[in-house]
1. Can you pull out every residue in segment 94-149 that is among the small types (Gly, Ala, Ser) and either touching an Asp or Glu at 6+ places or on another chain (Cβ under 8 Å) or crowded, with 17+ Cβ neighbours inside 10 Å (or both)?
2. Considering each residue of segment 58-93, count those that are buried (at least 21 other Cβ atoms within 10 Å of the Cβ) and aromatic (Phe, Trp, Tyr), and give that number.
3. Tally time: how many residues in segment 1-35 are at pLDDT 90 or above, in contact with a helix residue (DSSP H, G or I) (Cβ under 9 Å, 6 or more places away or on another chain) and not in a loop (DSSP other than H, G, I, E, B)?
4. All but one of (1) on the phi < 0 side of the Ramachandran plot; (2) among the small types (Gly, Ala, Ser); (3) in contact (Cβ under 8 Å) with a residue 12 or more places away in the chain hold for GLY61; which doesn't?
5. With respect to ALA72, determine if the residue is under 19 Å from PHE27 (Cβ atoms) and touching a residue at least 12 places away in the same chain (Cβ under 8 Å).
6. Of all residues in segment 19-38, how many are surrounded by fewer than 20 Cβ atoms within 10 Å (Cβ to Cβ) and free of Cβ contacts under 8 Å to residues at least 60 places away in the same chain?
7. Read through the list (1) touching a strand residue (DSSP E or B) at 6+ places or on another chain (Cβ under 6 Å); (2) of a type in the set (Lys, Arg); (3) assigned to a loop (DSSP other than H, G, I, E, B), then give the number of the only condition that ARG101 fails.
8. What are the residues in segment 58-90 that are part of a strand (DSSP E or B) and out of contact with any strand residue (DSSP E or B) (no Cβ under 7 Å at 6 or more places or on another chain), if any?
Amino acid sequence: MDAHDNAKLTPPKMTAAEVSAFLVQVFPQFAIGRSYKIEETRHGFARMHMVYGDHLLRPGGTISGPAMFTLADVAMYAAVLATIGPVALAVTTSLTINFLRKPEPRDMIGEARMLKLGKRLAVGEIGLVSEGESELAAHATATYSVPPH
């Protein structure tokens, strides 16, 4: 049994609904439940939906880089919370994103997977796709600093 199989057997510390409620509590200014919806969590995984709006566009009619960066970052935070529980002070220490193709002006999906969870750092990758597409629009890697919990 590899780490991926083990993650399937380990229940998440927080469900999608619990992560959503926690984010509304600690980040009331963020549009969780309206613009960003956490669809699924598993141990080491989160799937997030970014609802399309004209405010997400850049010149040329495509989803902007900052909007995709936000989706990647919050999806990774959701995966971290699903894995370690409600730790508000887990913070992004790095996030690198590669834009692979022009996303259409529609909803986007971000799927975050934990690659390694250590005592102080969580490392993961995030794939972003336009809804209804299978090819990645962007791929990101992220590291979170995890305080003692």
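1. Scanning segment 94-149 gives GLY110, ALA112, ALA122, GLY124, GLY127, SER130, ALA137, ALA138, ALA140, ALA142.
2. Looking only at that region, the number is 1.
3. Of the residues in that region, 6 qualify.
4. Answer for GLY61: the failing condition is (1).
5. yes
6. Looking only at that region, the number is 12.
7. (1)
8. Once the filter is applied, which keeps residues that are part of a strand (DSSP E or B) and out of contact with any strand residue (DSSP E or B) (no Cβ under 7 Å at 6 or more places or on another chain), segment 58-90 yields ARG58, THR62.
The values are calculated or read from the model by the stated rules, or taken from the named source; none is laboratory data. All values derive from a computational prediction rather than experimental measurement. A quick note on method: Cβ atoms are made from the backbone with ideal geometry, for glycine too, and the neighbour counts reach across all protein chains shown.
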